[in-house]
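A.B. asks: Quick one: the structure is below, and I'll ask about it shortly.
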Amino acid sequence: MKTIQIEKFGGPETLEVKDVEVGKPGPKEVLIKNLSIGLNYIDVYHRTGLYPIPLPSGIGLEACGIIEEVGSEVDLFKVGDRVAHSSMPIGSYSEKQLFPQEKLVLVPEGISDEIASCIMLKGITAEYLLHRAYPVKKGDKVLYHAAAGGVGQILCQWANALGAEVIGTVGSKEKEAIAKKNGCHHVINYTDTNFVEEAEKIVGKNGVDVVYDGVGIKTFDGSIETLKVRGMMVAFGNASGYVDTIDVKKHINAKGLFFTRPSIAHYTVTREELVESAKKVFDAVLSKKFNVEIFKKYKLNDAKKAHEELEGRILKGPSVIIP
């Protein structure tokens, strides 16, 4: 089978197409034929070594496919089931993949392969951010950075459906329209305005209940500044660089803030959590709490180009790789 592997950390050029033997599933593993593969910014972190992984390695965490073979002790699935995943073991950029049964979920009717492959990671991320890291309720003032991105498009629509007032920040005029289309009541272009000042005009000084910040170092201090007393800072990504130092006196003490640095792994610790979260995501899609439009499709051989456009902020929505 064809798969994408990296032998060293670095730029998109490190992504190489390889022909490998897939092997047989272990007792509690299944062999999946991937139908559609999700493209996520965490793939860039793995490729560059920001999130180190043992090398050489496959890449990619998310896919939807059909089970072709099951191990001797598999009892949750059968051959022919359509399943999806968004976790380790890494290696979804591949025609086929061996995967442990406990980390898979069934994909319901009414959700396409392509949608399923790009809402597991982004959708479960949006679910835990909105419902568990900080349970958003009607009337909450929510600030979300990079609102035109893949997670942002889902989360802002879903927050809107929950009754929150959603402020989104973006980096271009084109992305302003995308954010408005996807649930933001207010959109701030941080390339030509100060997002802290603009947020104050909308909800008042220290008026934001929760900030969801996947950008990182460039937005961190400003995000803290917008929050209300006892507000919640949810720092869940590092697109502009990792926030590696928290000054308790400066960042937390002044307003008695709450701070969390969550990841999907923290909110899918058990199979029960994974299944319940995925169900909420699928139900939200089917009930149209949020809509997903695939922005671009790549071939497996085009993984390098996909990463160039992902890092270059060219992608304006969820995108997939079709093996």
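The values are calculated or read from the model by the stated rules, or taken from the named source; none is laboratory data. Every value quoted in this text rests on a predicted model; they were computed, and no experiment measured them. Cβ placement follows ideal geometry from the backbone for every residue including glycine, while neighbour counts extend to all protein chains displayed.
A.B. asks: Taking the range 255-265 as the search range and keeping residues that are outside any strand (DSSP E or B) and touching a strand residue (DSSP E or B) at 6+ places or on another chain (Cβ under 9 Å), which one is surrounded by the fewest Cβ atoms within 10 Å (Cβ to Cβ)?
C.D. replies: Initially, the range 255-265 is screened for residues outside any strand (DSSP E or B), giving 255-257, 261-265.
Now drop any that are not touching a strand residue (DSSP E or B) at 6+ places or on another chain (Cβ under 9 Å), which leaves 255-257, 261-262, 264.
Values: K255: 16, G256: 10, L257: 18, R261: 15, P262: 16, I264: 21.
Top of the filtered list is G256.
A.B. asks: Could you check the range 226-254 and list, in sequence order, the residues that are outside any loop (DSSP other than H, G, I, E, B), surrounded by fewer than 16 Cβ atoms within 10 Å (Cβ to Cβ), modelled with pLDDT under 90 and of a type outside the set (A, V, I, L, M)? Let's see the steps before the verdict.
C.D. replies: Residues of the range 226-254 outside any loop (DSSP other than H, G, I, E, B): 226-235, 248-254.
Next cut, surrounded by fewer than 16 Cβ atoms within 10 Å (Cβ to Cβ) only: 229-230, 248-250, 252-254.
This time we only want the ones that are modelled with pLDDT under 90, so: 248-250, 252-254.
Within the range 226-254, K249, K250, N253 meet the criteria.
A.B. asks: Which residue, of L35, L55, L15, L104, is hydrophobic (A, V, I, L, M, F, W, C), closer than 28 Å to G214 by Cβ and within 19 Å of the chain's Cα centre (by Cα)?
C.D. replies: Numbers: L35 fails: within 19 Å of the chain's Cα centre (by Cα); L55 fails: within 19 Å of the chain's Cα centre (by Cα); L15 fails: within 19 Å of the chain's Cα centre (by Cα).
Matching residue, one of L35, L55, L15, L104: L104.
A.B. asks: Looking for whichever is in contact (Cβ under 8 Å) with a residue 24 or more places away in the chain and not in a loop (DSSP other than H, G, I, E, B) here; the options are F99, F77. Which one fits?
C.D. replies: Working: F77 fails: not in a loop (DSSP other than H, G, I, E, B).
None of the others qualify; the one that does is F99.
A.B. asks: Here is a follow-up. Go through (1) over 27 Å from H46 (Cβ atoms); (2) among the basic types (K, R); (3) within 22 Å of the chain's Cα centre (by Cα) for K249 and report which single condition fails.
C.D. replies: Only one criterion is unmet by K249, namely (3).
A.B. asks: Here is a list: K299, K288, K280. Which entry is among the charged types (D, E, K, R), surrounded by 13 or more Cβ atoms within 10 Å (Cβ to Cβ) and either out of contact with any Gly (no Cβ under 8 Å at 6 or more places or on another chain) or in contact (Cβ under 8 Å) with a residue 40 or more places away in the chain (or both)? Explain how you work it out, then say what you get.
C.D. replies: Working: K299 fails: surrounded by 13 or more Cβ atoms within 10 Å (Cβ to Cβ); K288 fails: surrounded by 13 or more Cβ atoms within 10 Å (Cβ to Cβ).
Within the list K299, K288, K280, the selection yields K280.
A.B. asks: Could you identify the single residue in S92, S117, S72 that is assigned to a loop (DSSP other than H, G, I, E, B), surrounded by 24 or more Cβ atoms within 10 Å (Cβ to Cβ) and modelled with pLDDT of 95 or more? Reasoning before the result, please.
C.D. replies: Numbers: S117 fails: assigned to a loop (DSSP other than H, G, I, E, B); S72 fails: surrounded by 24 or more Cβ atoms within 10 Å (Cβ to Cβ).
The match here is S92.
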